[in-house]
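Asks: Quick one: structure below, then a few questions.
Bear in mind that the values in this text are calculations on the coordinates, not laboratory data. Here the structure is a predicted model, which is why all the values come from computation and not from measurement. Here the Cβ positions follow ideal geometry from the backbone for every residue, glycine too, while neighbour counts run over all protein chains shown.
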Amino acid sequence: MKKTAVVGMSGGVDSSVAAYLLKQQGYNVIGLYMLNWEETDSRGACSADADFADVQRVCALLDIPYYSVNFAKQYTERVFSYFLAEYKAGRTPNPDVLCNREIKFGPFRDYALSMGADFVATGHYCGIEHTSDGRHLLLKAADAGKDQTYFLNQVRESQLENVLFPLAEIPKPEVRKIAVQNGLATAGKKDSTGICFIGERNFRKFLQGYLPAQPGKIVTADGETVGEHIGLMYYTIGQRRGLDLGGRRGEDGRWFVVRKDLQNNILYVSHGDESPLYSEACIVSGLNWIGHMPATSFKCTAKFRYRQSEQSVSVKLKGDTARVEFDESQRAVTEGQYAVFYSGRQCIGGGVIEKVVY
RNA sequence: UGGGGUGUCGCCAAGCGGUAAGGCACGGGAUUUUGAUUCCCGCAUUCGUAGGUUCGAAUCCUGCCACCCCAG
């Protein structure tokens with residue numbers, strides 16, 4: 001009896017190839033497209049329509065049925081509201097991390113299972129191991145450059161039951177090749193970037209549509225006012241562009257955002273000297289562990305933002321939070337982002353960076 | 001309105017008679033399922049202004065203007 005796998009299809013190459021591979025492997029495959037953000041562009045067109053059209057083309061070619069679901073309401077309530085609240089609080093949120101826990105491996109997975117699926121699959125670059133004793137381990141993708149476990153660190157282990165990640169062992173170039181060789185309509189599509197489901201767009205203009213901007217002073221550590229910012233939420237720690245600050249007499253170097261003072265609406269910057277950006281530890285909350293019950297104190301590797309290599313750290317659990325000490329000081333660790341822990345090829349979980357210790 | 005100094009891209013800043021370095025900012029692109037970082041490309045026919053000397057000046061001379069400092 002063939003097992004049924006419902007594949008979350010975005011209209012991109014990755015999920016298209018994931019569907020193709022499952023079909024090859026003998027699954028009874030169903031494509032499920034998900035709409036989470038309803039917005040039309042200036043010309044009244046909706047890029048989501050084009051994406052769904054691609055899903056239709058790919059599914060037609062693979063000769064598999066396809067459906068579409070709308071979780072826009074859930075997305076707004078569970079992800080976007082958090083996104084705005086975090087910015088309002090002066091932090092730098094990572095909506096895509098929550099999108100996975102709250103939507104893709106939440107309502108979406110439930111919906112897929114309700115369709116009679118034995119398995120739910122996505123085009124994520126990561127691996128999974130369902131152990132004989134009933135655990136579900138999240139593994140890094142073979143293609144280290146594309147690994148997306150960072151975005152899955154908040155997914156509950158129970159949400160990984162019945163999940164398949166067909167791209168676990170396949171390098172991105174190979175994925176593209178498979179798409180081309182099989183004539184998938186999405187073969188030449190550019191990798192999507194930007195907030196998942198919302199897409200690439202002018203970040204400032206986008207936020208302006210939701211949160212009022214409050215201009216204020218840009219100040220150095222010495223207390224010297226050197227410029228004006230357009231609203232604290234538009235800046236993140238370690239940022240250099242967009243400050244509109246030029247050179248100074250007798251010094252050279254670039255300006256970096258070092259701190260935000262929400263109370264007084266002040267943006268603190270440093271010129272040339274990046275040492276204020278380096279920290280020694282951070283406090284993490286909202287801990288989630290996957291396939292791993294940690295000891296109260298242990299060593300492992302960790303990432304503090306998506307595009308970063310793993311760093312050696314010591315973790316000390318304390319109630320609901322953890323103190324993560326860095327073997328080497330880290331640049332621009334930012335509140336609101338996630339600290340994600342790894343042990344070998346396993347992603348063992350993560351949590352929100354609540355406070356940075358300098 | 002005595003003396004001295006300075007005026008080169010939005011901000012710093014080279015240049016010192018031979019036909020406008022560089023950095024920052026900014027713009028564009030690459031990378032990227034957050035926001036950043038990083039990387040690449042672009043960015044003064046013109047040197048406060050008006051004349052003069054010269055084959056040729058941002059560079060020399062003169063007037064004017066502006067700003068700064070010291071004296072009054």
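Asks: Given only helices, namely DSSP H runs of n ≥ 4 each adding -39500 (n - 2.57), what is the per-residue ellipticity at 222 nm of chain A, to the nearest 500 deg cm²/dmol?
Replies: Details: 8 runs with 69 residues, N = 358.
Estimated from H runs of four or more residues: -5500 deg cm²/dmol.
Asks: At a Förster distance of 51 Å, what's the computed FRET efficiency of A:Glu228 paired with A:Gln24, Cβ-Cβ distance as r, to 0.05?
Replies: On the way: r = 58 Å, r/R0 = 1.14.
E between A:Glu228 and A:Gln24, to the nearest 0.05, is 0.30.
Asks: Also, quick follow-up: Give me the percent relative contact order of chain A, please, defined on Cα pairs under 8 angstrom at least 6 residues apart.
Replies: Reported as a whole number, the value is 15 percent.
Asks: Now a separate question. Along the Cα→Cβ direction, 7 angstrom out, place labels at A:Glu38 and A:Arg57. What is the inter-label distance in nm?
Replies: Each label point lies 7 Å from its Cα, and together they span 2.6 nm.
Asks: Give, as a single signed number, the net charge of other residues whose beta carbon lies under 14 Å from the beta carbon of A:Ile30, with Lys and Arg counted +1 and Asp and Glu -1.
Replies: Working: positive: A:Lys2, A:Lys3, A:Lys23, A:Arg109; negative: A:Asp63, A:Asp118.
Cβ neighbours under 14 Å give a net charge of +2.
Asks: If one puts a single equal scatterer on every Cα of chain A and applies the Debye formula without solvent, what log₁₀ I(q)/I(0) results at q = 0.07, 0.12 Å⁻¹?
Replies: -0.34, -0.95
Asks: Around A:Ser329, which amide H atoms from residues at least 5 apart in sequence, or from another chain, sit under 5 Å from its own amide H, with H modelled in the peptide plane?
Replies: Result for A:Ser329 returns nothing.
Asks: How much length, in nm to one decimal, is gained on full extension between A:Ser314 and A:Thr220, taken as 0.36 nm per residue of separation minus their Cα-Cα distance? Write out the running numbers ahead of the final one.
Replies: Values: separation 94, 0.36 × 94 = 33.84 nm, distance 3.25 nm.
Result: 30.6 nm gained on full extension.
Asks: Could you tally the net charge around A:Gly253, taking each other residue with its Cβ under 12 Å from the Cβ of A:Gly253, Lys/Arg +1 and Asp/Glu -1? All intermediate terms of the calculation are to be shown ahead of the outcome.
Replies: On the way: positive: A:Arg240, A:Arg248, A:Arg254; negative: A:Glu251, A:Asp252, A:Asp273, A:Glu274.
Net local charge, A:Gly253 excluded: -1.
Asks: Could you grab the relative contact order for the range A:41-141? Cα pairs under 8 Å, six or more apart, rounded to a whole percent. Spell out each step's value before the answer.
Replies: Values: 53 pairs, mean separation 13.7, N = 101.
Computed value for the range A:41-141: 14 percent relative contact order.
Asks: Running a GNM on chain A with Cα contacts under 10 Å, which residue among A:Val258, A:Val180, A:Val17 ends up with the highest mean-square fluctuation?
Replies: Result: A:Val180 has the largest fluctuation of those listed.
Asks: If we sort A:48-61, A:92-105, A:315-328 on the protection proxy, mean other Cβ atoms within 10 Å, highest first, what's the order?
Replies: Values: A:48-61: 18.4, A:92-105: 22.2, A:315-328: 15.5.
So the order, starting with the most tightly packed, is A:92-105, A:48-61, A:315-328.
Asks: Where the centroid of each part is defined by its Cα atoms, how far is the range A:117-136 from the range A:48-85 in Å?
Replies: About 21 Å separates the Cα centre of the range A:117-136 from the one of the range A:48-85.
Asks: For A:Thr334, what is the net charge nearby, where nearby means another residue's Cβ is under 12 Å from its Cβ and Lys, Arg count +1, Asp, Glu -1?
Replies: Working: positive: A:Arg91, A:Arg259, A:Lys260, A:Arg305, A:Arg331, A:Lys355; negative: A:Glu86, A:Glu335, A:Glu354.
Its environment carries a net charge of +3.
Asks: Say R0 is 22 Å: what FRET efficiency, to the nearest 0.05, do A:Trp289 and A:Arg345 get from their beta-carbon distance? Don't skip to the end; give the middle numbers.
Replies: Numbers: r = 16 Å, r/R0 = 0.74.
Efficiency, rounded to the nearest 0.05: 0.85.
Asks: Continuing with this model, one more query. Please check: in the Gaussian network model of chain A (C-alpha springs, under 10 Å), which one of A:Glu251, A:Glu280, A:Glu157 has the largest mean-square fluctuation.
Replies: Answer for the Gaussian network model of chain A: A:Glu251.
Asks: For the range A:128-139, take each phi angle, set θ = phi - 60°, evaluate the Karplus expression 6.51 cos²θ - 1.76 cosθ + 1.60, and give the result in whole Hz per residue in order, putting x for glycine and proline.
Replies: With coefficients 6.51, -1.76 and 1.60, one gets 8, 10, 9, 7, 5, 8, x, 9, 10, 9, 9, 10 Hz.
Asks: Compute the FRET efficiency between A:Val357 and A:Asp244 as 1/(1 + (r/R0)^6), taking r as their Cβ-Cβ distance and R0 = 30 Å, and round to the nearest 0.05.
Replies: Working: r = 31 Å, r/R0 = 1.02.
After rounding, the FRET efficiency stands at 0.45.
Asks: Follow-up question, since we're still on this one. Stretch A:Lys177-A:Ala213 to full length: gain in nm at 0.36 nm per residue minus the Cα-Cα span? Intermediate results must be reported in sequence, preceding the final value.
Replies: Details: separation 36, 0.36 × 36 = 12.96 nm, distance 4.55 nm.
Computed gain between A:Lys177 and A:Ala213 is 8.4 nm.
Asks: To continue, here is another question. Is there a quick way to get the dipole size of the range A:253-332? I mean about its Cα centre, with the Cβ of Lys and Arg at +1 and of Asp and Glu at -1; what is the value in debye to the nearest 20? Please report the intermediate quantities before stating the final value.
Replies: Working: 11 positive and 9 negative charges, 42 e Å.
In total the dipole reaches around 200 debye.
Asks: For A:Glu280, project a label point 7 Å along Cα to C-beta. Then give me every residue of the range A:327-353 with its amide nitrogen under 12 Å of that point.
Replies: It comes to A:327-330, nothing else.
Asks: Right, here's the next one. Specify the inter-centroid distance of the range A:1-15 and the range A:159-179, based on alpha-carbon positions, in whole Å.
Replies: Rounded to whole Å, the Cα centres lie 10 Å apart.
Asks: Length gain on complete extension for the stretch A:Ser192 to A:Arg307, per 0.36 nm per residue less the alpha carbon to alpha carbon distance?
Replies: Values: separation 115, 0.36 × 115 = 41.40 nm, distance 1.56 nm.
Once the chain is fully extended between A:Ser192 and A:Arg307, it gains 39.8 nm.
Asks: To continue, here is another question. Compute a Gaussian network model of chain A, connecting alpha carbons closer than 10 Å, and tell me which residue from A:Gln311, A:Gln159, A:Gln208 fluctuates the most.
Replies: Checking each option, the largest mean-square fluctuation is seen for A:Gln208.
Asks: Another question, then. Using 7 Å Cα-to-Cβ label points, what is the A:Asn70/A:Ala89 separation (nm, one decimal)?
Replies: Using points 7 Å along Cα→Cβ, the separation is 3.1 nm.
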